[in-house]
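Every number in this text was worked out from the coordinates using simple rules, so none of it is lab data. Keep in mind that this is a model prediction, so the values were computed, not measured. Note that each Cβ is placed from the backbone with ideal geometry, even for glycine, and that neighbours are counted across all protein chains shown.
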Amino acid sequence: MKTKVHVPQSPSALLSERERDKVFLEVHIQNLTPSPLWFERIRLEPVDGWDVVDTNTISAAAGSGSVKSLFSDSTALMHAQDMRQYIYILTPNTAPRTMVPVTPAPGTVIPLGRLDICWRSSMGEPGRLLTSVSFKHI
């Protein structure tokens with residue numbers, strides 16, 4: 001698993017109060033085992049002060065209002081050497097907004113939340129990865 005943290009840098013995003021405070025978490029997961037894996041859950045649990053939008057979902061049925069992961073049901077299977085990319089958008093929910101955008105310096109560690117990833121191997125053995133709450137801004 002690899003992660004990258006991105007913050008808006010375009011002039012139009014920096015001028016928008018709504019857009020400049022967003023943080024984008026990019027997660028790459030690769031199956032390095034010789035066997036397929038079935039993912040049961042991939043979720044970002046944000047720390048206090050952040051709201052998260054999981055962009056890895058689709059509407060389950062028109063008009064039903066329910067959503068499901070892009071990688072569920074038959075697409076939950078990840079073959080050996082396959083790689084997936086997940087994107088989460090985080091927005092601060094308690095920080096006071098300022099007129100001057102504050103951009104973290106590259107290498108800054110930002111506490112955003114915890115990734116909770118659960119899977120099963122081809123033989124049914126469970127696996128779980130629970131990350132720390134901090135990610136490094138590139």
Practice problem: Grab the beta carbon distance between GLN30 and THR94, set R0 = 25 Å, and tell me the FRET efficiency rounded to 0.05. | Solution: 0.10
Quiz item: Under a plain spin-label model, where a point goes 7 Å from the Cα along Cα-to-Cβ, how far apart in nm are GLN85 and LYS22?
Solution: 1.6 nm
Self-check item: Under 13 Å, Cβ to Cβ, from MET83 - net charge with Lys/Arg +1 and Asp/Glu -1
Solution: 0
Quiz item: If we count every other residue with Cβ under 10 angstrom of ASP116's Cβ, Lys/Arg +1 and Asp/Glu -1, where does the sum land?
Solution: +3
